[in-house]
Amino acid sequence: MSTDTRATAHHDLHAPVIDWFDEHARDLPWRRPEAGAWGVMVSEFMLQQTPVSRVLPVYEQWLARWPRPADLATESAGEAVRAWGRLGYPRRALRLHAAATAIALSHGGEVPRDHAKLLALPGVGEYTAAAIGSFAYGQRHSVLDTNVRRVFARAVTGVQYPPTATTAAERRTALALLPDDKGTAARWAAATMELGALVCTARGPECVRCPIAASCAWRLAGSPEHTGPPRRGQTYAGTDRQVRGKLLAVLRDAVDPVPQSALDAVWDEPVQRARALDGLVADGLVEPLADGVYRLPV
DNA sequence: AATTCGTGGGT
DNA sequence: TACCCAAGAAT
């Protein structure tokens, strides 16, 4: 294969994927123009490790209640945790509240456009900063989420799954494929994510529906199964995380501060229960009051 | 670099 | 039933 052919092959992915996206993209609320940068930012926080279907109703309520960052910033962190509901990983609610506060105080109430300023916000990492810049502001960024990483692992590298953590090689691949024009790059980012979410899925990829199946390196190699150590499953039953979840659920659902006895009822093992509660307090998710009474943070 | 951090639906 | 996995970040 000549180098000329390889460069062309990369370029040939853009049009089919973007055309496919134009036809099959889901109509998600954070993709509508009225969502604005704040809507995009809220959605990105909620979508960190949480499926779209579960985010949708919470997102709508959140934006209706807090249409701008400053609106959220005037509320207590505990109200953010309560409104987060059962999305999971409630520290994200705390970070979103803290980010909104920083935006209100230090960025004139507007979600920053600058990548470094985005990265400096609590809860905003490499992926989320790129996603906000790309989706909200049409900038040119490699947006490397789990979907895009899987699409590139298959279509470009020829393996079933990407590495556990994002590697330098993946960043190089993403950058090499990123369209030069920023508007096209933003469409490409959304399109590759959508392709991974809807077609090139982790379990059962539907290659018959894939716009780049003919050039997919993994498929051309015969769709080889993942080799190497099995990827770590997240065990959950019996962990501190489960206990934290049960404890926080009690506090979320209570209007008034909760006595120790109500928390003790959710888990029978006292040492683990105490450790979980201490962890919640240390994280700022729970506020201890006098004599064994607890509440969400004010 | 490896762990920790929730929750629920799909298979 | 168990297991997998879902727009990651922080430490």
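Here are a few things to note about the model shown:
- Cα shape, region A:48-160, gyration tensor, a/c 1.5 rule: oblate
- Magnitude of the charge dipole, chain A, Cβ model with Lys/Arg +1 and Asp/Glu -1, debye to 20: 500
- Each Cα pair under 8 Å and six or more residues apart adds its separation to the average, and for region A:240-295 the resulting relative contact order is 43 percent.
- Segment residue A:105..residue A:86, full-extension length gain: 4.0 nm, with 0.36 nm per residue of separation and the alpha-carbon distance subtracted.
- Label-to-label distance, residue A:180 versus residue A:12, with points set 7 angstrom from Cα along the beta-carbon direction: 2.0 nm.
- Rough spin-label spacing in nm, given labels placed 7 Å along Cα→Cβ, for residue A:114 and residue A:206: 4.4
- Per residue value of the accessible surface for chain A (all protein chains in place, 1.4 Å probe), Å²: 52
- For region A:182-285, the normalised intensity computed at q = 0.11 Å⁻¹ comes to -0.66 (log10 of I(q)/I(0), Debye sum over alpha carbons, equal scatterers, no solvent).
- Simple label model, 7 Å out from Cα along Cβ direction - residue A:165 to residue A:254, nm: 3.9
- Dipole magnitude (debye, nearest 20) for region A:131-187, charges at Cβ of Lys, Arg, Asp, Glu: 60
- Of all accessible heavy-atom area on region A:32-124, the percent that carbon and sulfur account for (1.4 Å): 54
- Highest-fluctuation residue, A:237, A:155, A:25 considered, GNM on chain A with Cα pairs under 10 Å: A:237
- Using a cutoff of 8 angstrom between alpha carbon atoms and counting only pairs six or more residues apart, the relative contact order for region A:32-124 works out to 29 percent.
- Segments A:244-256, A:30-42 sorted - mean Cβ within 10 Å per residue, highest first: A:30-42, A:244-256
- Listed peptides A:115-125, A:281-291, A:76-86 by packing density, highest first (mean Cβ within 10 Å): A:76-86, A:115-125, A:281-291
- Global form of region A:240-295, assessed from the alpha-carbon gyration tensor, a/c cut-off 1.5: rounded
- Amide hydrogen proximity for residue A:139: with H placed 1.01 Å from N in the peptide plane, the residues at 5 or more positions away or on another chain lying under 5 Å are A:134.
- Extension gain for residue A:278 to residue A:172 (0.36 nm times residue separation, less C-alpha to C-alpha distance): 34.0 nm.
- Calculated from backbone phi, Karplus (6.51, -1.76, 1.60) coupling profile of region A:71-81 in Hz, x at Gly/Pro: 5, 5, 4, 7, 8, 6, 4, x, 5, 5, 4
- In degrees, nearest ten, helix A:270-283 long axis to first principal axis of chain A (Cα): 70
- Relative contact order of chain A, pairs being alpha-carbon contacts under 8 Å that are 6 or more residues apart, as %: 18
- Of the residues A:290, A:191, A:279, the one whose Cα sits farthest towards the positive end of the charge dipole of region A:191-297 is A:191 (charges of +1 on Lys and Arg Cβ, -1 on Asp and Glu Cβ, taken about the Cα centre).
The values are calculated or read from the model by the stated rules, or taken from the named source; none is laboratory data. Keep in mind it's a predicted model, so treat the numbers as computed, not measured. With ideal geometry, Cβ positions are generated from the backbone for all residues, glycine too; neighbour counts draw on all protein chains shown. Calculation scope for accessible area: heavy atoms of the full protein, side chains included, ligands and nucleic acids excluded. Shrake-Rupley method; radii C 1.70, N 1.55, O 1.52, S 1.80 Å.
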